Amino acid sequence: MARKRKNSKKKIGAPVLHCLNPNAAGVDVGATEIYIAVPVDRDPQPVRHFSTFTEDLHAVAAWLKACKIETVAMESTGVYWIPLFQVRGFTVFLVNARHVKNVPGRKSDVSDCQWLQYLHTVGLLRGSFRPEQAVCTVRSILRHRDSLVQMASTHVQHMQKALDQMNLQLHHVINDITGVTGLTIIKAILAGERNPHTLAALRDRRVKATEDTIAKSLVGDYRREHLFTLGQSLTAFRHYQQLIGACDHEIE
């Protein structure tokens with residue numbers, strides 16, 4: 001007589017998320033306000049609001065320490081997180097905002113800081129890479145330098161526009177008007193020189209264009225308003241070159 005097989009199917013309930021970081025807090029950082037959530041058993045008011053003044057950041061650190069918080073999760077949005085990140089005493093998880101939004105299951109009545117605190121507690125957040133301070137220092141200056149280079153290039157375009165409006169074709173016959181030849185000729189133009197052959201004689205011998213070609217490119221309508229904008233743009237370009245040089249020195 002055949003034995004009856006027992007039903008091997010087991011009832012499967014909702015998955016249990018274990019608490020991997022019991023001493024975790026979640027931080028929602030803005031330009032002027034910070035909202036922080038800690039475990040509900042650590043303080044009668046587990047969600048608090050702070051300003052972003054330096055003394056308030058130290059108050060944040062004191063409160064988190066009193067709540068026995070060891071690790072903090074916050075979104076790495078903009079640059080607002082940096083001052084709070086610099087406050088020592090906690091392991092900080094910088095979280096990509098896009099990654100947080102892709103995690104399903106958020107309740108509508110849960111604030112951003114509470115949601116971050118919960119996800120960090122159960123270990124569902126992955127911290128972004130933050131290099132050591134020496135690398136961050138150099139990277140910050142390099143990014144600023146890159147902005148200065150972009151601003152300087154804008155003033156080069158202004159110089160080219162002024163030349164176009166006077167029908168001076170210098171920037172079409174030499175590769176770079178910010179090179180030795182270009183800057184020397186533009187400086188002479190702003191000093192009052194108008195003879196195209198005299199200006200072309202300032203050509204550096206390494207320039208491929210001939211003196212005759214350069215002289216033809218310098219015959220145009222030298223109008224006062226365009227000479228003014230040309231001079232302003234040249235001054236601004238040189239100023240940014242000095243700033244870029246200062247950045248290079250600071251990096252060294």
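What follows is calculated from the coordinates using simple rules that are stated; it is not laboratory data. Here the structure is a predicted model, which means the values were calculated and not measured. Cβ placement follows ideal geometry from the backbone for every residue including glycine, while neighbour counts extend to all protein chains displayed.
Before moving on, here are some points about what is shown:
- Cβ crowding within 10 Å ranks LEU142, LEU57 as LEU142, LEU57, fewest other Cβ atoms first.
- Residues MET151, MET166, MET74, ranked from the fewest to the most other C-beta atoms within 10 Å, line up as MET151, MET166, MET74.
- Once the chain from GLN150 to ALA201 is taken as fully extended at 0.36 nm per residue, the excess over their C-alpha distance is 15.2 nm.
- Residue by residue, the stretch 205-213 carries 3J(HN,Hα) couplings of 5, 7, 6, 6, 5, 6, 5, 4, 5 Hz when phi is fed to the Karplus relation 6.51 cos²θ - 1.76 cosθ + 1.60 (θ = phi - 60°); x denotes Gly or Pro.
- Set of aspartates and glutamates near LYS107 by C-alpha distance (under 17 Å), chain-local residues within fewer than 8 positions excluded: ASP28
- Listing LEU64, LEU94, LEU190 from fewest to most neighbouring C-beta atoms within 10 Å gives LEU190, LEU94, LEU64.
- Loop-located trypsin sites (Lys or Arg not before Pro) in the stretch 134-222 (DSSP state other than H, G, I, E, B) with a sparse environment of at most 10 neighbouring Cβ atoms within 10 Å: ARG205, ARG206, LYS208.
- Within the chain, percent of DSSP bridges classed antiparallel, to nearest 5: 50
- Residue-normalised convex hull volume from the C-alpha trace of the chain: 288 Å³ per residue.
- Estimated [θ] at 222 nm from DSSP helical runs (n ≥ 4, -39500 (n - 2.57)) normalised by residues in the chain, nearest 500: -15000 deg cm²/dmol
- Dividing the mean sequence gap of close Cα pairs (under 8 Å, 6+ apart) by how many residues the chain holds gives a relative contact order of 17 percent.
- Reachable aspartates and glutamates, given that their alpha-carbon falls under 12 Å from the alpha-carbon of LYS101 and they are not under 8 places away in the same chain: GLU75, ASP112
- Remark: the stretch 137-251 is approximated by an ellipsoid whose semi-axes, taken from the C-alpha gyration tensor as √(5λ), come to 29, 15, 11 Å, largest first.
- Proximal aspartates and glutamates to LYS161, defined as alpha-carbon separation beneath 15 angstrom and excluding residues fewer than eight positions away on the same chain: ASP176, ASP221, GLU225
- Label separation (THR77 vs ASP221): 5.3 nm, computed from points 7 Å beyond Cα along the C-beta direction.
- In terms of its alpha-carbon gyration tensor, the stretch 169-208 comes out prolate; a/c meets the 1.5 threshold, and the first ratio a/b outweighs b/c.
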